[in-house]
Amino acid sequence: MSVWALSPIEVSATLGMAAMAAAVALCFVRLALGPTLSDRVLALDLIAILLVGALVLQGIAGKDRESLQVATVLALLNFLGTTGFATYIRRKAAR
């Protein structure tokens, strides 16, 4: 399959996946170098958000419903993790 045989949606999804891969790489740098726990948790949260976006792009480009369902579940779990960390920070600040 040549590049010219791809639809505009497939090309856009491929470019979006490349941009997200670069963003994930930068997040891993922040995860490794982050001076505080909040920086590291924020980097993990952003990696999860980017993974949800990549799964959505995969689902759109490949017309794959399972990717969209997995993305939905991952987004809900990511929300729970973020909420838990916010509760932890709030309780730690109250002490």
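Here, each number is a calculation from the coordinates, and none is a lab measurement. In this text, all values refer to a predicted model and were calculated from it rather than measured experimentally. Positions of Cβ are generated from backbone atoms using ideal geometry, with glycine treated the same way; all protein chains shown enter the neighbour counts.
Residue-wise test of (1) in contact with a helix residue (DSSP H, G or I) (Cβ under 8 Å, 6 or more places away or on another chain); (2) in contact (Cβ under 8 Å) with a residue 12 or more places away in the chain.
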position	(1), (2)
5	no, no
9	yes, yes
22	no, no
25	no, no
66	yes, no
91	no, no
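Just give me the residues in the stretch 62-74 being surrounded by fewer than 17 Cβ atoms within 10 Å (Cβ to Cβ) and of a type in the set (Gly, Ala, Ser), in sequence order. Passing the criteria: only 62. In a residue-by-residue description of the stretch 32-49, the property of being surrounded by fewer than 16 Cβ atoms within 10 Å (Cβ to Cβ), in contact with a Ser or Thr (Cβ under 8 Å, 6 or more places away or on another chain) and either touching a residue at least 24 places away in the same chain (Cβ under 8 Å) or of a type in the set (S, T, N, Q) (or both) applies to no position. In the set 71, 94, only one residue is over 17 Å from the mean Cα position of the chain (by Cα) and not acidic (Asp, Glu); that residue is 94. What number of residues within the stretch 60-77 are more than 22 Å from residue 15 (Cα to Cα) and charged (D, E, K, R)? Qualifying residue count, the stretch 60-77: 0. When the residues of the stretch 78-92 are filtered to those that are among the hydrophobic types (A, V, I, L, M, F, W, C) and exposed (fewer than 12 other Cβ atoms within 10 Å of the Cβ), the one that is farthest from residue 10 (Cα to Cα) is 86. Applying the set (1) surrounded by 16 or more Cβ atoms within 10 Å (Cβ to Cβ); (2) over 24 Å from residue 19 (Cβ atoms) to residue 59 leaves exactly one unmet item: (2).
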